[in-house]
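Structure, as structure tokens:
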Amino acid sequence: MKKIIIILTLIGAISVSCNSIKTQTSNTLLSGSWELNFISGPRIAFEGLYSNRKPTIIFDTINKTAGGNTSCNNFNGAYTINGAAIKFSESMAVTRMMCEDMQGEIFFLSTLNKVDGWSVTDEGKTLNLKMGDIVMMRFSKIKDTIVE
């Protein structure tokens, strides 16, 4: 009986350690500023949607917030992460500047609300936001701001 208790205690300790390592790794991978270079679905070419400025996203992994620029307006809000799953708040705060073409912004925000997964590839240089197994948005790392 003592052996079983010791084994269960060790398994629990290892499990807790793995979760904290996973969280720290997720924070390190996701942290920083990212620039959009691909978005799935629009019938307009990427360069046509974002001719003046590409959208960016910055993750604050301590406060679990994400913000950035939609190519026109600034936005920010909360996100939740659980392993490879991610969900952005549907009530993102967005500034209200008028831009020549709002299609890119509308498409960016609606796609952001649809994603449910994420991965970082290319040795930390590419962030993929997914819906199921399909990459909906791809970002390139533009600045490291690792927060642990």
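The values are calculated or read from the model by the stated rules, or taken from the named source; none is laboratory data. Because the structure is a prediction, the values reported are computed rather than measured. No Cβ is skipped: glycine too gets one built from the backbone with ideal geometry, and neighbour counts run over all protein chains shown. Just so you know, the surface numbers come from the protein's heavy atoms only, side chains and all, with ligands and any DNA or RNA stripped out. Shrake-Rupley method; radii C 1.70, N 1.55, O 1.52, S 1.80 Å.
Below is a table of values for the structure above.
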| read-out | value |
| --- | --- |
| Cβ pairs under 9 Å, 6+ apart, first in the range 92-106 and over 20 Å from Phe59 (Cβ atoms), second among the acidic types (Asp, Glu) and surrounded by 14 or more Cβ atoms within 10 Å (Cβ to Cβ) | Cys99/Glu105 |
| Positions within the range 132-143 being more than 14 Å from Leu29 (Cα to Cα) and surrounded by 15 or more Cβ atoms within 10 Å (Cβ to Cβ), in sequence order | Val135, Met136, Met137, Arg138 |
| Test set (1) out of contact with any Gly (no Cβ under 7 Å at 6 or more places or on another chain); (2) within 17 Å of Val115 (Cα to Cα) - Ile86 fails condition number | (1) |
| Selection from the range 68-123 of residues that are over 13 Å from Pro55 (Cβ atoms), part of a loop (DSSP other than H, G, I, E, B) and open to solvent by less than 50 Å² (accessible area, probe 1.4 Å) | Gly83, Ser89, Val115 |
| Residue count for the range 17-58, restricted to those that are open to solvent by less than 100 Å² (accessible area, probe 1.4 Å) and at pLDDT below 60 | 7 |
| Complete set of residues in the range 34-53 that are outside any loop (DSSP other than H, G, I, E, B) and more than 14 Å from Leu129 (Cα to Cα) | Phe46, Glu47, Gly48, Leu49 |
